[in-house]
Amino acid sequence: MVKAANSRGTTPASPDCVRVLVVGGGYVGMYTALRLQRKLKAQLKRGEAEIVVITPEPYMTYQPFLPEAAAGNISPRHVVVPLRRVLDHCRVIIGEVASIDHAKRTATFTTLATEEEGTGPVGISYDELVLAPGSISRTLPIPGLAEYAIGFKTVEEAIGLRNHVLEQMDIASSTRDPAIRDAALTFVFVGGGYAGVEALGELEDMARYAARYYHNIKAEDMKWILVEASGRILPEVGEEMGKYTVRELRRRNIDVRLETRLDSCEDRVAVLSDGARFPTRTVVWTAGVKPHPVLAASDLPLNERGRLKCTAQLSVDGAPHAWAAGDAAAVPDVTADEPGKECAPNAQHAVRQAKVLGDNIVATLRERPLQEYRHKYVGSVASLGLHKGVAHVYGRKLKGYCAWFMHRVYHLSRVPTVNRKSRVLAEWTLSGLFKREIVSLGSLEHPRAEFELAAGGERPKESS
């Protein structure tokens, strides 16, 4: 296929070169590109194929480790995998895809350079398209949410939240105003899924430990509140383990409020649907995700939830040479008993789907039969803090230390590259031998603050 691109577009090395465009560098994007560069190694060397990955960040974030990074158990740089090192036979472009015209097999994207140049989006043509942009936080029109809440999807948010919690403890320790102290020591988490429960469990554990180093703060002085709109939390680990998690959190004096919504957080006051009001300086929003906006900026078919309609072979339904998996894709679950059920948009499916997706693209290029994505349910694990967790693995239900250990073993086996596995394992070993780190590095969020102050400027105000 001859590539037709404008003068500012990007074209492959030769007219006969097959270009695979991968949109997104998360689970699906990275693992698919990794699979393709292994399967097409000879073609890549001969210049017969090209893999282009367009992603906003130069790294893949292993999100299950974000709670441990927030708690200080893992260094932030070990939670991410550098794409250029892993995808050394791919062309990695740091940018944002703005639109996709699959009928013409073209996409437009912007980079930091195009913003500096002021030239507008760049066009790129392709033969095969892999859409794996992931998802973004699903927010609601709640008063004060945009101004005061913080999400928990990126490593920056995780480390920012850690610094914020420790800074609130510093404020509470030094203020003479009881109202300010009470608000500083009140932490509200909205959303009872993996992200919310694990983040709350790890941060409460860290703050409880840090309190021993404050002369006027006790663990009992802090209020930790989990707000969940449904009647259960952690549905992935089963109803029994979900109820156990509620009991375990409440035993730690964490206020778990089921069938409750956040109605407002204006003026740093969290107002709940049950009438409760909590002055607070910390609202963490983990109440679900929604498809990436780039899906709506394409001519590909979407379902009622805004996800791509896909076949069991992970191709986009009715759009030849377009593929998708993970959060962006509505993939039919062919192993389910009831018809019409779709695979859950989680990391466990994303990693497995990427393998099948990569193989099917290679099979298409070589005119071979495609395979369906089938999975066998292994189970789910969740950490609730150091030495605490719940798990439902191969039909067995685990609690406490055993579940926590299983959580670490499972995710250590899944984090990409031997380099990252070794570094994470080394950090866990050292953290078991030495005391926790309780230092807040809030200045990292404003690296020029001290220089600007010295130059006659003003110190930046806290935004959360």
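Could you check the stretch 129-155 and list, in sequence order, the residues that are more than 19 Å from residue 225 (Cα to Cα) and under 11 Å from the mean Cα position of the chain (by Cα)?
Matches in the stretch 129-155: 134, 135, 136, 137, 153, 154, 155.
Which of the residues belonging to the stretch 396-429 are closer than 22 Å to residue 240 by Cα and not in a helix (DSSP H, G or I)?
Step one: of the stretch 396-429, the residues closer than 22 Å to residue 240 by Cα are 396-408, 410.
Residues satisfying the conditions are 396, 397, 398, 399.
Can you tell me which condition residue 345 does not meet? The list is (1) open to solvent by 30 Å² or more (accessible area, probe 1.4 Å); (2) more than 27 Å from residue 237 (Cβ to Cβ); (3) out of contact with any Phe, Trp or Tyr (no Cβ under 9 Å at 6 or more places or on another chain), and all the others hold.
(2)
Select from the stretch 374-407 the residues that are under 23 Å from the mean Cα position of the chain (by Cα) and over 23 Å from residue 251 (Cα atoms) and list them in ascending order.
Answer for the stretch 374-407, where residues must be under 23 Å from the mean Cα position of the chain (by Cα) and over 23 Å from residue 251 (Cα atoms): 375, 377, 378, 379, 393.
Here's the yes/no breakdown for (1) open to solvent by 10 Å² or more (accessible area, probe 1.4 Å); (2) in contact (Cβ under 8 Å) with a residue 60 or more places away in the chain:
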| position | (1), (2) |
| --- | --- |
| 233 | no, no |
| 243 | yes, no |
| 249 | no, yes |
| 254 | no, no |
| 259 | yes, no |
| 281 | yes, yes |
| 289 | yes, yes |
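May I ask you to list the residues in the stretch 213-231 that are open to solvent by 50 Å² or more (accessible area, probe 1.4 Å), part of a helix (DSSP H, G or I) and touching a helix residue (DSSP H, G or I) at 6+ places or on another chain (Cβ under 8 Å)?
221
If you go through the stretch 404-461, how many residues are at pLDDT 90 or above, within 14 Å of residue 74 (Cα to Cα) and open to solvent by 100 Å² or more (accessible area, probe 1.4 Å)?
Residues in the stretch 404-461 being at pLDDT 90 or above, within 14 Å of residue 74 (Cα to Cα) and open to solvent by 100 Å² or more (accessible area, probe 1.4 Å): 1 in total.
Restricting to the stretch 80-133, name every residue that is surrounded by fewer than 15 Cβ atoms within 10 Å (Cβ to Cβ), under 17 Å from residue 29 (Cα atoms) and acidic (Asp, Glu).
Within the stretch 80-133, 88 is the sole residue that qualifies.
Being open to solvent by 20 Å² or more (accessible area, probe 1.4 Å) and among the aliphatic types (A, V, I, L, M) is the filter; apply it to the stretch 355-374 and report the residue that is nearest to residue 50 (Cα to Cα). Spell out the reasoning first.
Going through the stretch 355-374, the residues open to solvent by 20 Å² or more (accessible area, probe 1.4 Å) turn out to be 355, 359, 364-372, 374.
The next check asks that each one be among the aliphatic types (A, V, I, L, M); those that pass are 365, 370.
Numbers: 365: 13, 370: 21 Å.
Among residues in the stretch 355-374 that are open to solvent by 20 Å² or more (accessible area, probe 1.4 Å) and among the aliphatic types (A, V, I, L, M), the one nearest to residue 50 (Cα to Cα) is 365.
Listed residues 334, 351; which is outside any loop (DSSP other than H, G, I, E, B) and either of a type in the set (A, V, I, L, M, F, W, C) or more than 30 Å from residue 243 (Cβ to Cβ) (or both)? Steps first, answer last, please.
Values: 334 fails: outside any loop (DSSP other than H, G, I, E, B).
Going through 334, 351 in turn, just one is outside any loop (DSSP other than H, G, I, E, B) and either of a type in the set (A, V, I, L, M, F, W, C) or more than 30 Å from residue 243 (Cβ to Cβ) (or both): 351.
The values are calculated or read from the model by the stated rules, or taken from the named source; none is laboratory data. Since the model is a prediction, treat every value here as computed from it, not as a measurement. Don't worry about glycine lacking a Cβ; one is built from the backbone with ideal geometry, like all the others, and counts go over all protein chains shown. Side chains included, ligands, DNA and RNA excluded: accessible areas come from the protein's heavy atoms. Shrake-Rupley method; radii C 1.70, N 1.55, O 1.52, S 1.80 Å.
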